[in-house]
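Here is the structure we will look at.
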Amino acid sequence: MDAAALRRLIHNPPPPVLPRKLKEQDDDFIKEECGVFGVYGHPEAANLIYLGLYALQHRGQEGAGICCSNEDALTTHRGVGLVSDVFKPHKLARVKGHLGIGHVRYSTFGKNNLKNVQPLVADYAKGSMAVAHNGNLVNAGALREELEEQGAIFHSTTDSEVLVHLISRSRGTTFADTVIEALSRVEGAYSCVIMNTDEIVAARDPRGFRPLWLGKLDNAYVVCSETCALDIIDAEWVREIEPGEVLVINKSGVHSIRPFEQKQHQRCIFEFVYIARPDSDVFGGSVDEVRKNLGRELAAIEPVEADVVMAVPDSSNPAALGYSHASGIPFDMGFIRNHYVGRTFIEPEQGIRDFGVKIKLNPARSAVEGKRIVLVDDSIVRGTTARKIIKMLKRCGAKEIHFRISSPEIINSCFYGIDTPNPERLIAHNMNRNEIRDFLGVTTLAFLSIEGLVRATGMESDSFCLACFNNKYPTPTPKDYVLTNHRTRHIDHSTDLTLPGVEV
Ligand code: AMP
């Protein structure tokens with residue numbers, strides 16, 4: 001691509017073209033991967049949330065928002081883009097109060113508009129509320145139809161908006177009661193922070209798909225997706241919020257409620273593989289340690305003679321180190337990563353995604369030339385990234401490439417908050433191992449087994465959701481709910497252009 005074409009792409013990204021299949025399957029419009037953060041009882045709540053969202057940026061790069069309360073009114077600022085794009089100092093300074101919540105968002109096709117950026121904020125009969133949600137609600141489509149039939153008007157295409165409507169309609173007396181009633185109607189994954197002007201309610205679904213932590217900073221309480229967000233503000237790690245637990249945080253402290261029927265835990269094992277940051281602890285384990293174990297497990301599969309172990313940075317660094325420790329093959333930084341670009345996977349258009357791989361990673365020629373390389377990556381989704389990376393290594397003179405994946409083949413979509421595409425776009429859904437090896441052009445290819453993956457966590461296999469690997473979904477999926485309304489939605493692209501965000 002020449003320089004002029006590059007400039008055109010950067011300044012005038014092509015309008016999102018929805019592949020035919022995505023238009024047909026409405027459930028593809030409700031998948032989101034996100035990070036949440038809440039603070040109660042600190043005069044600088046907005047600044048703390050800003051820092052927390054910074055630490056959670058890896059969980060979502062397409063939109064960010066903060067809503068705070070001074071007990072009189074909610075003030076919100078939201079925008080499309082990275083936390084640093086959305087929150088310029090003067091914008092952040094306008095969000096005031098000692099309690100608040102924030103959200104970073106990561107979306108699939110057609111949804112990166114401001115209407116979908118959270119926290120979702122609404123005024124209703126009992127005051128004002130704001131909702132920040134990580135996970136996906138599998139019955140959101142069905143609930144939305146029911147609510148629309150009763151006259152509800154939806155503003156976004158995000159599944160989380162059903163929570164706003166359900167809370168507003170609840171007859172519960174306290175705010176917490178209304179949130180609990182709303183949550184009792186939804187099925188699927190939620191780790192969420194929901195506030196009104198006076199209090200924050202934090203909740204994790206009974207299966208505990210997504211992580212959620214409680215922390216403390218002086219007299220203030222903090223709730224967030226991962227511990228790396230507690231570290232950035234020097235908050236103490238108190239504990240993980242349990243699956244099925246609801247915390248009500250207000251003037252009288254933190255109250256724990258367990259209003260829902262207990263369910264078999266189904267924690268998302270992909271948090272360990274890719275999503276969470278290695279400096280976080282989630283689900284009672286260190287992500288870094290588990291990833292190193294994944295690499296150790298991988299080294300035992302189809303061992304090879306090689307000169308060097310390399311990672312596809314950054315997410316695969318710990319697994320590659322684990323591989324190197326177990327195999328005795330030295331680790332080297334074969335790829336240099338440009339840290340000033342976002343993750344490539346999220347780019348909503350194929351052309352931009354391919355371009356992204358090249359600007360993100362470049363091999364260090366001297367580390368590659370003439371070498372027999374074990375290349376470790378955390379996962380293969382569509383194979384697009386891997387194919388390009390391998391081409392780059394070959395161009396730099398790699399002698400052999402033994403590609404090792406620290407997770408099993410992804411054969412199915414996730415309905416619980418990970419942005420995995422439709423199965424027909426997953427390479428392992430369409431090709432067997434040898435076909436993938438040939439398609440990628442590597443010397444050998446090995447994936448970790450499901451058993452090896454679980455073993456690396458040191459936890460029980462039945463406490464994890466493994467649906468993307470084994471097709472065993474722990475809940476009904478969106479396809480199990482019959483939707484009858486017409487599915488036309490208003491997609492407002494004009495808000496995409498509002499990069500710095502708007503005051504709500
Ligand atoms: P692909 O080109 O689709 O095969 O992308 C695979 C790469 O994307 C892997 O190297 C992962 O590091 C990364 N990845 C895997 N799962 C996800 C996800 N859910 N969201 C964003 N990136 C991902």
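Throughout, read-outs are computed from the coordinates displayed, never taken from laboratory work. Because the structure is a prediction, the values reported are computed rather than measured. Backbone-built Cβ (ideal geometry, glycine too); neighbour counts: all protein chains shown.
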**Request:** With a bin width of 20 angstrom, please list the P(r) values of the chain as percents of all Cα-Cα pairs, from the 0 bin to the one holding the largest distance.
**Result:** 24, 56, 19, 1
**Asked** Treating the beta-carbon of each Lys and Arg as +1 and of each Asp and Glu as -1, no other charges, what is the dipole magnitude of the chain about its Cα centre, to the nearest 20 debye?
**Response** 1420 debye
**Message:** Please compute the length gained on full extension between ASN470 and THR173, using 0.36 nm multiplied by the number of residues separating them and subtracting their Cα-Cα distance.
**Reply:** 102.6 nm
**Message:** Please rank VAL222, VAL454, fewest neighbouring Cβ atoms within 10 Å first, as an exposure proxy.
**Reply:** VAL454, VAL222
**Fill in**
When the charge dipole of the chain is computed with +1 at the Cβ of Lys and Arg and -1 at the Cβ of Asp and Glu, the Cα pointing farthest to the positive end, of CYS68, VAL381, LEU294, is that of VAL381
**Complete:** Under 5 Å from the placed amide H of TYR416, counting only residues 5+ away or on other chains, we find none
**Request:** Determine the sum of side-chain charges near GLU297: Lys and Arg each +1, Asp and Glu each -1, restricted to other residues whose C-beta is under 14 angstrom from that of GLU297.
**Result:** +1
**Message:** With 10 angstrom as the radius, rank PHE260, PHE335 by how many other C-beta atoms surround their C-beta, starting from the fewest.
**Reply:** PHE260, PHE335
**Prompt:** So what is the calculated 222 nm ellipticity per residue for the chain, using -39500 (n - 2.57) for each DSSP H run with n of 4 or more, over all residues, to the nearest 500 deg cm²/dmol?
**Reply:** -7500 deg cm²/dmol
**Request:** Could you rank the peptides 278-285, 117-124 by their average count of other C-beta atoms within 10 Å per residue, with the highest value first?
**Result:** 117-124, 278-285
**Request:** Could you list PHE415, PHE154 in order of exposure, starting from the residue whose Cβ has the fewest other Cβ atoms within 10 Å?
**Result:** PHE154, PHE415
**Asked** In whole Hz, what ³J(HN,Hα) sequence does region 72-85 give by Karplus (6.51, -1.76, 1.60; θ = phi - 60°), x for Gly and Pro?
**Response** 10, 8, 8, 10, 9, 9, 9, x, 8, x, 6, 3, 5, 6
